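The values are calculated or read from the model by the stated rules, or taken from the named source; none is laboratory data. All of these numbers come straight from a predicted model, not from anything done at the bench. Cβ placement follows ideal geometry from the backbone for every residue including glycine, while neighbour counts extend to all protein chains displayed. For accessibility, only protein heavy atoms count, side chains too; no ligands or nucleic acids. Shrake-Rupley method; radii C 1.70, N 1.55, O 1.52, S 1.80 Å.
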Amino acid sequence: MEGTLFILTFILQLVIAVTDVSSCSCGFADSKTGAIWTDALIAYANETGELPERSLIAEDFQNPYEKNWNARYRAGAKPSNLGHEESTRSGWNGTAWTLKIDPPTKDHIVLGASLRSIRRDIQYGTFEAALGAPKPGVGGSIFAMRLDYNETQTVNLNVMNADAPKDAWTSFMIYGDWRGTRSKGVNFSDFGNRTYGFQDSPWGFVPYRIDWNNATDIDFFIGDALARSIRSKGVAKPLPVTPMTLRIQHSSIGDMYTSEGPPPDGSDARVGMLRAFFNSSSMTSDDHDAFDKRCHLAPACLVSDTSLRGASNFTLAASRPWEHKTIDYKKRWPAIFVVSISAAISTILLAHATSKRAPWKPKEAATTTISSADPPVAPTAISSGRTSRDLSTPPSFIYSEHDALAFTVQMPGMGTPGQATPGSVTPRASMPTGSSHGSSQVFWALSRDSLDICKVDEKKQAGSQIVAPCVEIGKYAEKKQVEVTVKEIGEMKHPVTNHATLANAKPPITAAKQRVDYLAGLVALASILVTLIHFALTFLPATEIPYTHAHYESEIWALKIVTPYLLTFSWIGPFFTSSTRFLIASYLKSGNLKGIAEKTVGRTPRLIIPCAAIAALEYFCMQVGATNWLEYLPSVTWSTWPYTAGYVTFGHFLSEILELMYIIPNAVPQITFNYCIGVLWTIPVQLQNSWLSLLAVIVIREIKAPWKRMGYYAFCILMHYYAMSWGTFFWVGLLIADLDLTYKWKEWLYSRPWVYYPFLTFVALLAVGSPSIDLVGMWKANWNFNTLEFGIHPHQRTGHAVRDSSDYGYPAYYLPRLTALTFSIGFHLLVELSTVVQKFFSNRLLMWLFPHILTLYLIHGLVFWSLGAAICVHLAAHNVPYWANMLVVAICTYSVIFGCLPLLTPILEGLGKSITQKIWQDASSKPPPRRKTLYPFSPEMFQGNGPDGEAMDDVESQAVKEKK
Ligand SMILES: *[C@@H]1O[C@H](CO)[C@@H](O)[C@H](O)[C@H]1NC(C)=O
Ligand SMILES: *[C@@H]1O[C@H](CO)[C@@H](O)[C@H](O)[C@H]1NC(C)=O
Ligand SMILES: *[C@@H]1O[C@H](CO)[C@@H](O)[C@H](O)[C@H]1NC(C)=O
Ligand SMILES: *[C@@H]1O[C@H](CO)[C@@H](O)[C@H](O)[C@H]1NC(C)=O
């Protein structure tokens, strides 16, 4: 009864007060802007229950992914979420349309509601709506009025209630969806201030307006107050211009930086009315002329007339999305021609170079060189069970002291000076492949010191006395070998015959090589694990980050059990501890400052040139769109960890590279935010601590009394630890190297099993126990050793303990932790002392990988974030189960990464090592005698005074003469 009455009054009112827009054939004049719009669409929810079916429809869709760096949920809409209810909120009388949101599903889908105009030809206009924000305190969602064509051609405003009501705000955007900073919006608490003067509650209905005036001019309003104004002059990209669709949409994507959410129990938002006046892109210029002629003098309706109702008629064409005309490629033929020729030339040159270097082939060259130079040795090398490639891989080249070992055995001339034929077999000739690999520079100092000792001596004097150091090293190698074999037998209980075979069939080279390999193996394994960590952070966040949503239960178990051991950043530690050894070994042994000098000169370019080259390559890849799919990835993986953005200008690029060289550790270099996977923060740590190590070893060597030396170590390690400096890792590395090289503690330990085994057990406990502390933290909420430990260090800004400062919490990833330190010490010593562990780390796979670890380190992020992201997003869009998706992504990305290693490593190598070597050679060796610069012409030709040219030895003297 009441209802009927209501409808009756309702109809009466309509009859009395309403003007249909179809009667306005000469458009709508906007007195505020002076514009005339041809078409209109007006709907009032207090006057009709149904949607006006000729102009608006409720949408039904499910996004397979979202384009947003922080979206962890995917939005969707279904018509049944659109309701029509009486509203009691301020700002609106009567009924309103209700757009509901469902609670998120387990699969991170949030179904909301969306209304859109059937017309898709809306091009410029003024759009007004009374929007009732989602309720406060139920979880964040986005209530948007949008005009959009595609991702980038959008004009929209978003009303966001946020998780905490005090953070609620409305943003005004173009190009983007829900991205953007608070500076592009207004907080609810500011609605009432003098600028906006909105007196009602922002939680009730608020009339918002978008004036999309033309291609240069867009304004957003709250009520009648201007909230944001965009002019094409002020922005880098052109403003949106394409024909668009009008939408009112309620959704949630869980973007923790803007909208937050999603609401766990659902939510709703309301629309009271929608008034749109706009132009149609389907009008041709003839139509416009006809309109102008017809309406030249006739009065237009007014936009401000609130009695207008209904929608303008439109053709079927206006309801189809506008299509962008493809560009005529014919005009580009000259460009295509030039590009093809350049590409062909480049391809031929690259193919030629690649086939010449053949990085994928085993190094036959090495073997042949060796065998041709010295037949008896080559077979030994092969019979040692290792490929010739292994022999020539850089570990033997890089590890200073070990180099010499491997080297000595390869070169008979050095072990026995009498046979040496300097010049016929130069170190260079015998190790050609060593110089073509060895990219591993990054993590340590690739000193080829002992090699240099031999090389230099041989080159310079070829005298017997100078070869002495090499001989000594040779002896050292033999001695070591015996020990190792003896120990192997002791430990592995080999029969004595085995001992004999070992000693006979595997001459010194085996032992030498093994000693070389295990540390290389450790670092290679560590670098693989670091890539795995990044893979997990990108695609399976729940295995790395506590309290994130997991696709499968197993990820939570992985986090609690596997992660503390295998996927922990403590694996960075061995890089640091082992790198010191190779920086300082030669000086520690010989006291010759030449090694220090060389490293001081070479360290920076060797680290920075490859990084800069790969950074430039990544920059290029990003610009051509390789990482485009990365922005869609979070909505599929639920990980918001990946983020990258191009450099702003080339100047920024340069500055970021320079920063890598000079930044003080324990800060994040800016390049971390541009580089694919911010691995580069370790470069400054490496670099700065190289200087520390090089300086430290000079001091250490001068402290002769062992107890004083150890005291000094203890003091420095403690100080660095307390100051939260990565220096601890390098000091520990130095200490371990010193114990081995100066004090020969391994021999001492090996000969005393009652000390050796307990010590080995202790070390093993250290290696396993340190991650176990993190494990406890995973299981026990609100207890974390790392946080507690962080608390005792001094806080730099205030000088108090961190515990008493505002920064107290879980330490940032670029800060050293005690568990990482003890883990590194434990692992390093375990590898150093246990032959069984050494055997494991000397396996072929790790040995193959070792030369490539710099490339691996620099390139894996790009592959994960370009190819990996694209595959993952597309498979997810096809509803492939996530485990299968991950399997495919892992196989594809790792195949590509390992596939590029042999191709990229030689390039990086050339860039880093060859240049550095050249610089050092140039700096340290006497320049060869000057050659006449007029070659092939004789000086006489230019003197013009006949045969008296013998005084004219070079151009300079000639110049001097001319002056006279
Ligand atoms: C609906 O709401 C509008 C705006 O508040 C008002 O102008 C109009 O009179 C209302 N219609 C009816 C039938 O109450
Ligand atoms: C709603 O109704 C009240 C009382 O009739 C009136 O004062 C108010 O202006 C109306 N609000 C709107 C938005 O029409
Ligand atoms: C109102 O709030 C906005 C921020 O949203 C601020 O920029 C503006 O200055 C404020 N106006 C006044 C008069 O305080
Ligand atoms: C969106 O449409 C515009 C105009 O056709 C086009 O230039 C742009 O590349 C499109 N953007 C995307 C992301 O498709």
For segment 68-92, what are the residues that are assigned to a strand (DSSP E or B) and within 16 Å of ligand 2 (Cβ to nearest atom)?
86
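For segment 310-319, does any single residue satisfy the condition of being in contact with a Phe, Trp or Tyr (Cβ under 7 Å, 6 or more places away or on another chain) and either away from ligand 4 (no atom under 16 Å from the Cβ) or acidic (Asp, Glu) (or both)? Steps first, please.
Of all residues in segment 310-319, those in contact with a Phe, Trp or Tyr (Cβ under 7 Å, 6 or more places away or on another chain) come to none.
No: zero hits.
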Exactly one of 242, 170, 181, 152 is out of contact with any His (no Cβ under 8 Å at 6 or more places or on another chain), within 16 Å of ligand 4 (Cβ to nearest atom) and either closer than 24 Å to residue 270 by Cβ or in the same structural domain as residue 94 (by TED's automatic domain parsing) (or both), and that residue is 152
Any chance you could count how many residues in segment 916-941 are in a helix (DSSP H, G or I) and within 16 Å of residue 597 (Cα to Cα)?
9
Assess whether residue 261 counts as being in contact with a Lys or Arg (Cβ under 7 Å, 6 or more places away or on another chain), within 30 Å of residue 548 (Cα to Cα) and more than 16 Å from ligand 1 (Cβ to nearest atom).
no
Which of the residues belonging to segment 283-307 are surrounded by 12 or more Cβ atoms within 10 Å (Cβ to Cβ) and closer than 14 Å to residue 37 by Cα?
283, 287, 288, 291, 295, 300, 301, 302, 303, 305
Which one is most open to solvent (accessible area, probe 1.4 Å) among residues in segment 151-200 that are at pLDDT 90 or above and among the small types (Gly, Ala, Ser)?
189
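Here is a yes/no grid of residues against (1) out of contact with any strand residue (DSSP E or B) (no Cβ under 7 Å at 6 or more places or on another chain); (2) surrounded by fewer than 17 Cβ atoms within 10 Å (Cβ to Cβ); (3) within 30 Å of residue 882 (Cβ to Cβ):
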site	(1), (2), (3)
78	no, no, yes
81	no, no, yes
85	no, yes, no
103	yes, yes, yes
121	no, no, no
126	no, no, no
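Considering segment 588-601 alone, what residues qualify as being assigned to a helix (DSSP H, G or I) and surrounded by fewer than 24 Cβ atoms within 10 Å (Cβ to Cβ)?
588, 589, 590, 593, 594, 596, 597, 598, 600, 601 - these are the residues of segment 588-601 that are assigned to a helix (DSSP H, G or I) and surrounded by fewer than 24 Cβ atoms within 10 Å (Cβ to Cβ).
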If we keep only residues of segment 29-59 that are surrounded by fewer than 19 Cβ atoms within 10 Å (Cβ to Cβ) and polar (S, T, N, Q), then the residue nearest to ligand 3 (Cβ to nearest atom) is 33
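Which one of these is part of a loop (DSSP other than H, G, I, E, B), open to solvent by 40 Å² or more (accessible area, probe 1.4 Å) and within 30 Å of residue 642 (Cβ to Cβ): 896, 888, 880? Steps first, please.
Working: 896 fails: part of a loop (DSSP other than H, G, I, E, B); 888 fails: part of a loop (DSSP other than H, G, I, E, B).
880 is the lone residue from the list that is part of a loop (DSSP other than H, G, I, E, B), open to solvent by 40 Å² or more (accessible area, probe 1.4 Å) and within 30 Å of residue 642 (Cβ to Cβ).
Could you pull out the residue among 88, 95, 38 that is touching a residue at least 24 places away in the same chain (Cβ under 8 Å), within 16 Å of ligand 1 (Cβ to nearest atom) and of a type in the set (S, T, N, Q)?
Working: 88 fails: touching a residue at least 24 places away in the same chain (Cβ under 8 Å); 38 fails: within 16 Å of ligand 1 (Cβ to nearest atom).
It is 95.
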Test: residue in segment 746-767 that is part of a loop (DSSP other than H, G, I, E, B) and either open to solvent by 60 Å² or more (accessible area, probe 1.4 Å) or touching a residue at least 40 places away in the same chain (Cβ under 8 Å) (or both):
yes
Give segment 803-818 a look and list any residue that's free of Cβ contacts under 8 Å to residues at least 40 places away in the same chain and open to solvent by 40 Å² or more (accessible area, probe 1.4 Å), or say none.
803, 804, 806, 807, 808, 810
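Conditions tested, residue by residue: (1) modelled with pLDDT under 90; (2) in a helix (DSSP H, G or I); (3) farther than 28 Å from residue 538 by Cα; (4) acidic (Asp, Glu).
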position: 584; (1), (2), (3), (4): no, yes, yes, no
position: 611; (1), (2), (3), (4): no, yes, no, no
position: 625; (1), (2), (3), (4): no, no, no, no
position: 635; (1), (2), (3), (4): no, yes, no, no
position: 641; (1), (2), (3), (4): no, no, no, no
position: 666; (1), (2), (3), (4): yes, no, no, no
position: 672; (1), (2), (3), (4): yes, yes, no, no
Go through segment 527-580 residue by residue and tally those that are within 30 Å of residue 731 (Cβ to Cβ), surrounded by 21 or more Cβ atoms within 10 Å (Cβ to Cβ) and not polar (S, T, N, Q).
11
Based on this model, can you work out whether residue 129 counts as of a type in the set (A, V, I, L, M) and more than 38 Å from the chain's Cα centre (by Cα)?
yes
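Considering only segment 121-144, state which residues are away from ligand 4 (no atom under 16 Å from the Cβ), closer than 18 Å to residue 217 by Cα and not hydroxyl-bearing (Ser, Thr, Tyr).
The initial filter retains those residues of segment 121-144 that are away from ligand 4 (no atom under 16 Å from the Cβ), namely 125-144.
Okay, now just the ones that are also closer than 18 Å to residue 217 by Cα, so 125-128.
Matches in segment 121-144: 125, 127, 128.
Report, by residue number, each residue of segment 656-673 that is more than 20 Å from residue 725 (Cα to Cα) and buried (at least 16 other Cβ atoms within 10 Å of the Cβ).
Within segment 656-673, the first condition is being more than 20 Å from residue 725 (Cα to Cα), and the residues that meet it are 656-658, 671, 673.
Within segment 656-673, 656, 657, 671 meet the criteria.
Is there a residue in segment 819-839 that is assigned to a loop (DSSP other than H, G, I, E, B), assigned by TED's automatic domain parsing to the domain that holds residue 524 and buried (at least 18 other Cβ atoms within 10 Å of the Cβ)? First the steps, then the outcome.
Of all residues in segment 819-839, those assigned to a loop (DSSP other than H, G, I, E, B) come to 834.
From the residues that got through so far, the ones that are assigned by TED's automatic domain parsing to the domain that holds residue 524 too are 834.
Remaining after also requiring buried (at least 18 other Cβ atoms within 10 Å of the Cβ): 834.
Scanning segment 819-839, I find at least one residue that is assigned to a loop (DSSP other than H, G, I, E, B), assigned by TED's automatic domain parsing to the domain that holds residue 524 and buried (at least 18 other Cβ atoms within 10 Å of the Cβ), so the answer is yes.
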Out of (1) open to solvent by 40 Å² or more (accessible area, probe 1.4 Å); (2) within 16 Å of ligand 2 (Cβ to nearest atom), the odd one out for residue 222 is which?
(1)
Quick check on segment 60-73. Is at least one of its residues touching a helix residue (DSSP H, G or I) at 6+ places or on another chain (Cβ under 8 Å), open to solvent by less than 10 Å² (accessible area, probe 1.4 Å) and not charged (D, E, K, R)?
yes
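Let's see how each residue does on (1) assigned by TED's automatic domain parsing to the domain that holds residue 94; (2) touching a residue at least 24 places away in the same chain (Cβ under 8 Å); (3) more than 16 Å from ligand 2 (Cβ to nearest atom):
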residue	(1), (2), (3)
269	yes, yes, yes
273	yes, yes, no
278	yes, yes, yes
282	yes, yes, yes
301	no, yes, yes
306	no, no, no
310	no, yes, yes
Looking only at segment 204-219, how many residues end up being among the charged types (D, E, K, R) and buried (at least 20 other Cβ atoms within 10 Å of the Cβ)?
2
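Any idea which of 238, 262 is crowded, with 24+ Cβ neighbours inside 10 Å, more than 16 Å from ligand 2 (Cβ to nearest atom), within 37 Å of the chain's Cα centre (by Cα) and touching a residue at least 12 places away in the same chain (Cβ under 8 Å)? If you could, list the steps in order and put the result at the bottom.
Working: 238 fails: crowded, with 24+ Cβ neighbours inside 10 Å.
Answer to the selection: 262.
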Index of the failed condition, residue 33 passing every other in (1) assigned by TED's automatic domain parsing to the domain that holds residue 127; (2) outside any strand (DSSP E or B); (3) away from ligand 2 (no atom under 16 Å from the Cβ)
(1)
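Do any strands (runs of 3 or more DSSP E) lying entirely in segment 93-210 carry at least 3 residues that are away from ligand 2 (no atom under 16 Å from the Cβ) and more than 30 Å from residue 323 (Cα to Cα), and which ones are they?
Once the strands (runs of 3 or more DSSP E) in segment 93-210 are filtered for at least 3 residues that are away from ligand 2 (no atom under 16 Å from the Cβ) and more than 30 Å from residue 323 (Cα to Cα), what remains is 95-101, 185-187.
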